[in-house]
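Asker: Submitted below is the structure of interest, expressed as structure tokens.
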Amino acid sequence: MSDIQSALRETAKKLLTEGTVTCVIGWGETRFPDKTTPIFVKTPEDAEKLVWNAHCVCGLAKYMLDNRCPEGKLAICVRGCDSRAVNRIVEDKQYKREDLYLIGLPCEGKDAPICATCTHRNPVVYDVLLGGPVPEIEVSQEDRFQAVTALEGLTPAEQYDYWQKQFSKCIHCYACRNACPACNCTECYADQYRVGWQGKQIDKAENQVYGLTRAFHVGDRCIECGECERVCPMGLPIMSQTRKILKDINDLWGNYECGLTDSRPHILGEFDLSDRDDFM
Amino acid sequence: MVNHDCTCKDNPLVPQLCKVIKITQETPDVQTYRVQTLDGKRPFTPMPGQLGMFSLLGVGEAMFSVTAYGEDWIETSIKKTGMLTDAFHEMAEGQQIGVRGPYGNHFPVDPCKGKDLLFIGGGIGLAPVRSFIRYAFAHRADYGKIDILYGSRSPADLVFKEDLFDNWPKEPDTAVHVTVDRGDETWEGNVGMVPGYLEELAFQPVNRKVILCGPPIMIKFTLQSLLKMGFSKEDCITTLEMRMKCGIGKCGRCNIGSKFVCLDGPVFTMAELDELPDEM
Amino acid sequence: MSVKADPNWEPKILAFCCNWCTYTGADLAGLNRMKYPANVRVVRLPCSSRVNPQFILRAFQKGCDGVMVCGCHPGDCHYATGNYFTRRRFMLMKRLLEYNGIDPQRFQARWISGSEAAKFRDTVTRVAGEIKALGPNTRFQEKWYEEGGEAQ
Amino acid sequence: MQLKRENLIPALRLLAAQGEILVPTAVDEKVSKFAPWDGSSAPDLALVNTTLPPKDTLFPHQEGMYRYKTAGEPSLEEIVEAPARILFGVRPCDARSIDCMDKVFLGDKYEDAFYARRRANVTVIAHTCAQTGPTCFCDSMGLSPAEAPSADLLLSDTETGWLVTAQTEKGEAVAALWKDLTAEGGEAAPAPACTLKTNMSDALAGTLVSRFEDPIWDEVCHACLGCGTCTYLCPTCYCFDINHEDHGGEGTQFRCWDSCMFSDYTRMAGGHNPRPSKKERLRNRYLHKLAYFKERYGQILCVGCGRCVGHCPSHLDITAFIDKAAERFGEGK
């Protein structure tokens, strides 16, 4: 791992020295040995601050949206999930691929539960790959959708109670939204609060509406990075909502994984004449 | 704890129901509302420049400058800018609204005693200034010569026309100067921006206080002209706007540095503003 | 008294209908003096694909007992392809709602053309009957409605 | 006086007659908060800082202000709610946070009636820290893990239970209630020290304000996602929004927590926003905590509980910021 870390620092240094990019987004140390934080390296000297270890859990792709009209190229360190997030954002026309330089980092899983069901540990898109590809792990659909299947087996009353209890913990901090690479609207519906879509009340109805709206807004574009669930301070099983949508997409329209390329329209933005129809 | 002469006895956050007794259409998008309590009294006694929180139950609540008051009424002028102000403009006479206040500090009526006064207003910015103008006329002997300089985009956008053209010019030792950015076929007055007209009128910066209110861009250039003419920042007084919710310095959002605009403002001298962080 | 405890309680159902087919169908049902339950409130939209899933959530939140989305048959869309998007969207949304504990009967989508007045009547009658049998909805509702406030 | 460990539940039972007791409770494996005592089990006093602070008790996440009617004859009816409650097992940092909120809501020209009514009926029983968490840094912010001067009653750990020190009239009433359960003796355990340290000083507070345009704000804001986690978990963040829930002709005006990290917090009706990006918002939050509040109320608004440090999705750390600023501006202790 330390070899890759030195290669990462070298690459960043080179990119900055040669002026290929103006900034490298990667991970840096914090005061806690088990945590890293996203850092924004702008000088060759600062490249030494980059780290690569088991605690590089924060998704980085979202940060490119802070500056949608960049002056120079931006380099981002991408693991498998970050690379899919980049595809997501490029496909959503929020950033130009040519304004990005992707430093691919094959990832053997980080200190986050979602990594156990990761299907793309190697970046799906990159400009340079540091270290050799790591073997992908076999994740069965049963494992991927285990939590969803369990909930599907409940009665409507039980399902409602389960989600009601979960949503009641929500504090509307919107960390799930802000961390999500699929949540890339310039202005979120929840912030257009004078329009009245989303009330600020912390009560069951508003929490449920937020939970479901968020899930449906991103569900068909979700790249399963699990950031929403990781960042939730209240521990809501947010991925169990989005994965429900992914599971249904698989059932209805065939196996589907998002963010593998930057050119496929998202699933609700296309149709097939022969789609299954329950509404006749 | 101050006795806040509030409409709502012991809870400053609960409004008192009042009725709108008169609506004046000032311009196509500005209306003036005359408000009194349900039992025909003045809701509160504001000092010049103080604010009132006016609410339409079920629509919203916002802070407006109290532009005038009489024996048994107060007046505020509201420009259509959004959802709530649109709803205000749909009111009919007799409608009940919520009122709480008065909030904030007021124009320095005592330190201005014995001085000549120059009031400068731009657009709806004449509204807060009007309360001081009326106060000065009510205490005419306390103040020297009064000049009122008012500018708006077009003749149709002039507010308080009755005051500007009939009432105020009749007051002793008073001059009213009105200018518009663009005239029309009937306009015989001055055409031009406020800063240019101000320099043309060549007021002497001797024993004179300037009370200035208008859109930020006008304030910026007018202030430059005033400084050029020799006025000191201590003698230029203005009012600030920020988003407000509570009006009593609790809800947090209207701070500039450690000052709350709703509590420590809205009236500041330009010299005081220089001391605050540049975040307006 | 709480609306929900009322023995004469009647469900409130919101139907989003496309202007070109279902709304015309509903109109035709009226012209033909067909009888159908008065529980259904129709919201006319240019196309069924205009229905934002948030409309459904908001309807439940504000006290509806059931929500319907109705449009042209696939292939008949006035805008050529609108209802194909509707179909995908609500195939997913329906499953998501059910996953969150909304009874399947409370959200239904149907294709009803401009000439199918009888289908409109039959569908509405059936849906109203099913929802009446389920009883008042409390799920996803604002507390005020959940506790029996009457939807407007 | 000492309260033996075995007397804790009898003591709580006595208290329960005085009002609802809220104790640190683990809601699930990730979340803990102050929740009503179940009446039988010993509260988990070893929980180092509940995920959610106790501020909810005095300043509810959402609080009805008045009910109104607009149909027919319009009317307004104020909502008065002030249940008798006892906050039990509050850590010194959280006790101090209540002190901070008192300064805002009970003073500064206006008294906030909603808060004041609740406050009058709440008794705060603090408990010293037997251990500190990895993100605790209260002793760098002028507090001690062993003291909670603003609490009504302080429980200090001993070998066999707790020393009971009444610090206000309310506290004395509790001590009197417990007089049959307490006895002389016991010695307070030494206070633990926080492992996380930061170099906060009065001088730095002033310098930060004067460095309003320094590039440091730009540097520190990059990693921030702009969510409201830090503000909602913060025991001292007291900003609120006022809104209403309308049901056609009648409704309720309420206030609820708001966060200065959100874009619509300061956005005005015409669209102008004095704090348009996360740089301005984060700067305002840090300055409010470290400088503005002190200028206005005489104390720092950060109590060093470490919740924001522990829960930030991007692992931003206010202590790291303070030290970085202290180093750069040469304002160490």
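Asker: Looking only at segment A:20-27, decide whether some residue is under 16 Å from residue A:110 (Cα atoms), among the small types (Gly, Ala, Ser), touching a helix residue (DSSP H, G or I) at 6+ places or on another chain (Cβ under 8 Å) and not assigned by TED's automatic domain parsing to the domain that holds residue A:179.
Answerer: yes
Asker: Which residue is farthest from the chain's Cα centre (by Cα), if the candidates are limited to segment D:277-333 and must be at the interface with another protein chain (Cβ under 10 Å from one of its Cβ atoms) and part of a loop (DSSP other than H, G, I, E, B)?
Answerer: Out of the qualifying residues, it is D:277.
Asker: Then there's this: For residue A:87, are the conditions met, namely being at pLDDT below 95 and surrounded by 19 or more Cβ atoms within 10 Å (Cβ to Cβ)? Working first, answer last.
Answerer: On the way: at pLDDT below 95: yes; surrounded by 19 or more Cβ atoms within 10 Å (Cβ to Cβ): yes.
It is true that residue A:87 is at pLDDT below 95 and surrounded by 19 or more Cβ atoms within 10 Å (Cβ to Cβ).
Asker: Could you list, in sequence order, the residues of segment D:141-183 that are closer than 19 Å to residue D:98 by Cβ and of a type in the set (D, E, K, R)?
Answerer: Within segment D:141-183, D:147, D:152, D:169, D:170, D:172 meet the criteria.
Asker: Moving to a separate point now. Assuming residue A:121 fulfils every condition listed in (1) touching an Asp or Glu at 6+ places or on another chain (Cβ under 7 Å); (2) of a type outside the set (Ser, Thr, Tyr); (3) more than 18 Å from residue A:58 (Cα to Cα) apart from one, which condition is it?
Answerer: (3)
Asker: Does residue C:16 count as facing chain A (nearest Cβ under 9 Å) and crowded, with 23+ Cβ neighbours inside 10 Å?
Answerer: On the way: facing chain A (nearest Cβ under 9 Å): no; crowded, with 23+ Cβ neighbours inside 10 Å: yes.
Judged against the criteria, residue C:16 is not a match.
Asker: On the given criteria, is residue A:40 modelled with pLDDT under 95 and either part of a strand (DSSP E or B) or crowded, with 20+ Cβ neighbours inside 10 Å (or both)?
Answerer: Details: modelled with pLDDT under 95: yes; either part of a strand (DSSP E or B) or crowded, with 20+ Cβ neighbours inside 10 Å (or both): yes.
Considered against the rule, which asks whether it is modelled with pLDDT under 95 and either part of a strand (DSSP E or B) or crowded, with 20+ Cβ neighbours inside 10 Å (or both), residue A:40 comes out as yes.
Asker: Tally time: how many residues in segment D:112-156 are away from chain B (no Cβ under 14 Å) and touching a strand residue (DSSP E or B) at 6+ places or on another chain (Cβ under 8 Å)?
Answerer: So in segment D:112-156, the residues away from chain B (no Cβ under 14 Å) come out as D:121-156.
If we keep only those that are touching a strand residue (DSSP E or B) at 6+ places or on another chain (Cβ under 8 Å) too, we end up with D:121-128, D:130, D:146-148, D:150-156.
So the answer is 19.
Asker: Right, here's the next one. Answer yes if at least one residue in segment D:217-234 is within 12 Å of chain B (Cβ to nearest Cβ), in contact with a strand residue (DSSP E or B) (Cβ under 9 Å, 6 or more places away or on another chain), surrounded by 21 or more Cβ atoms within 10 Å (Cβ to Cβ) and in contact (Cβ under 8 Å) with a residue 24 or more places away in the chain, and no otherwise.
Answerer: yes
Asker: Looking at segment B:180-280, what helices (runs of 4 or more DSSP H) fall wholly within it and have at least 3 residues that are under 18 Å from the mean Cα position of the chain (by Cα) and either surrounded by fewer than 20 Cβ atoms within 10 Å (Cβ to Cβ) or away from chain D (no Cβ under 13 Å) (or both)?
Answerer: Numbers: elements: B:194-201, B:216-228, B:270-275.
Passing ranges, in order: B:216-228.
Asker: Only residues that are in contact (Cβ under 8 Å) with a residue 60 or more places away in the chain, farther than 18 Å from residue C:98 by Cβ and either in contact with a Pro (Cβ under 7 Å, 6 or more places away or on another chain) or in a strand (DSSP E or B) (or both): list them for segment C:18-69, please.
Answerer: Within segment C:18-69, C:18, C:39, C:40 qualify.
Asker: In addition: Given the conditions (1) in a loop (DSSP other than H, G, I, E, B); (2) outside the structural domain of residue B:233 (by TED's automatic domain parsing); (3) of a type in the set (A, V, I, L, M), and given that residue B:159 satisfies all but one, which numbered condition is not satisfied?
Answerer: (2)
Asker: Inside segment D:193-270, counting only helices (runs of 4 or more DSSP H) that do not spill past its ends, which hold 3 or more residues that are over 27 Å from the mean Cα position of the chain (by Cα)?
Answerer: D:216-221
Asker: Is one or more of the residues making up segment D:68-77 buried (at least 22 other Cβ atoms within 10 Å of the Cβ), over 13 Å from residue D:25 (Cα atoms) and either away from every other protein chain (no Cβ under 13 Å) or of a type in the set (Val, Ile, Thr) (or both)?
Answerer: no
Asker: Go through segment A:58-84 and count every residue that is away from chain D (no Cβ under 14 Å), in contact with a Leu (Cβ under 8 Å, 6 or more places away or on another chain) and part of a helix (DSSP H, G or I).
Answerer: Residues that pass the stated criteria total 3.
Asker: Follow-up. What number goes with the only condition from (1) under 21 Å from residue C:54 (Cβ atoms); (2) crowded, with 19+ Cβ neighbours inside 10 Å that residue A:227 does not pass?
Answerer: Every condition holds for residue A:227 apart from (1).
Asker: Cβ-Cβ below 6 Å, separation at least six or inter-chain, first residue in segment D:105-126 and of a type in the set (D, E, K, R), second in a helix (DSSP H, G or I): which pairs?
Answerer: D:112/D:105
Asker: So which residues in segment D:100-111 are crowded, with 16+ Cβ neighbours inside 10 Å, within 10 Å of chain B (Cβ to nearest Cβ) and of a type outside the set (A, V, I, L, M), if there are any at all?
Answerer: Of everything in segment D:100-111, those that are crowded, with 16+ Cβ neighbours inside 10 Å, within 10 Å of chain B (Cβ to nearest Cβ) and of a type outside the set (A, V, I, L, M) turn out to be D:105, D:108, D:110, D:111.
Asker: Given the conditions (1) part of a helix (DSSP H, G or I); (2) at the interface with another protein chain (Cβ under 9 Å from one of its Cβ atoms), and given that residue A:199 satisfies all but one, which numbered condition is not satisfied?
Answerer: The number of the failed condition is (1).
Asker: Separate question: Name, by its number, the condition in (1) free of Cβ contacts under 8 Å to residues at least 40 places away in the same chain; (2) away from every other protein chain (no Cβ under 12 Å) that does not hold for residue C:76.
Answerer: Going through the list (1) free of Cβ contacts under 8 Å to residues at least 40 places away in the same chain; (2) away from every other protein chain (no Cβ under 12 Å), residue C:76 breaks only (1).
Asker: Ok, one more. Scan A:257, A:187 and give me the residue that is within 14 Å of chain D (Cβ to nearest Cβ), surrounded by fewer than 18 Cβ atoms within 10 Å (Cβ to Cβ), outside any helix (DSSP H, G or I) and not basic (Lys, Arg).
Answerer: On the way: A:257 fails: within 14 Å of chain D (Cβ to nearest Cβ).
A:187 is the lone residue from the list that is within 14 Å of chain D (Cβ to nearest Cβ), surrounded by fewer than 18 Cβ atoms within 10 Å (Cβ to Cβ), outside any helix (DSSP H, G or I) and not basic (Lys, Arg).
Asker: Consider residue A:222 against the criteria (1) more than 9 Å from every other protein chain (Cβ to nearest Cβ); (2) in contact (Cβ under 8 Å) with a residue 60 or more places away in the chain: it satisfies all of them except one. Which criterion is unmet?
Answerer: (2)
Asker: Among the listed residues D:43, D:54, which satisfies the condition of being touching a residue at least 60 places away in the same chain (Cβ under 8 Å), under 22 Å from residue D:154 (Cα atoms) and not polar (S, T, N, Q)?
Answerer: Numbers: D:43 fails: touching a residue at least 60 places away in the same chain (Cβ under 8 Å).
Among D:43, D:54, only D:54 is touching a residue at least 60 places away in the same chain (Cβ under 8 Å), under 22 Å from residue D:154 (Cα atoms) and not polar (S, T, N, Q).
Asker: Quick check on this structure: which one of D:97, D:32 is within 14 Å of chain A (Cβ to nearest Cβ), buried (at least 17 other Cβ atoms within 10 Å of the Cβ) and among the small types (Gly, Ala, Ser)?
Answerer: Values: D:97 fails: within 14 Å of chain A (Cβ to nearest Cβ).
None of the others qualify; the one that does is D:32.
Asker: Confirm whether residue A:175 is facing another protein chain (nearest Cβ under 7 Å), touching a Ser or Thr at 6+ places or on another chain (Cβ under 7 Å) and modelled with pLDDT of 90 or more.
Answerer: yes
Asker: Consider residue B:107 carefully, then state whether it is within 19 Å of the chain's Cα centre (by Cα), crowded, with 21+ Cβ neighbours inside 10 Å and touching a residue at least 60 places away in the same chain (Cβ under 8 Å). I'd like the intermediate steps shown before the answer.
Answerer: On the way: within 19 Å of the chain's Cα centre (by Cα): yes; crowded, with 21+ Cβ neighbours inside 10 Å: yes; touching a residue at least 60 places away in the same chain (Cβ under 8 Å): yes.
Here the answer is yes, as residue B:107 does meet what is asked.
Asker: Which numbered condition trips up residue C:133, out of (1) within 9 Å of chain A (Cβ to nearest Cβ); (2) part of a helix (DSSP H, G or I)?
Answerer: (1)
Asker: Which members of segment D:12-29 meet the condition of being surrounded by fewer than 19 Cβ atoms within 10 Å (Cβ to Cβ) and out of contact with any Leu (no Cβ under 6 Å at 6 or more places or on another chain)?
Answerer: If the condition is that a residue be surrounded by fewer than 19 Cβ atoms within 10 Å (Cβ to Cβ) and out of contact with any Leu (no Cβ under 6 Å at 6 or more places or on another chain), then D:13, D:16, D:17, D:18, D:19, D:20, D:26, D:27, D:28, D:29 are the ones that fit.
The values are calculated or read from the model by the stated rules, or taken from the named source; none is laboratory data. All values derive from a computational prediction rather than experimental measurement. Positions of Cβ are generated from backbone atoms using ideal geometry, with glycine treated the same way; all protein chains shown enter the neighbour counts.
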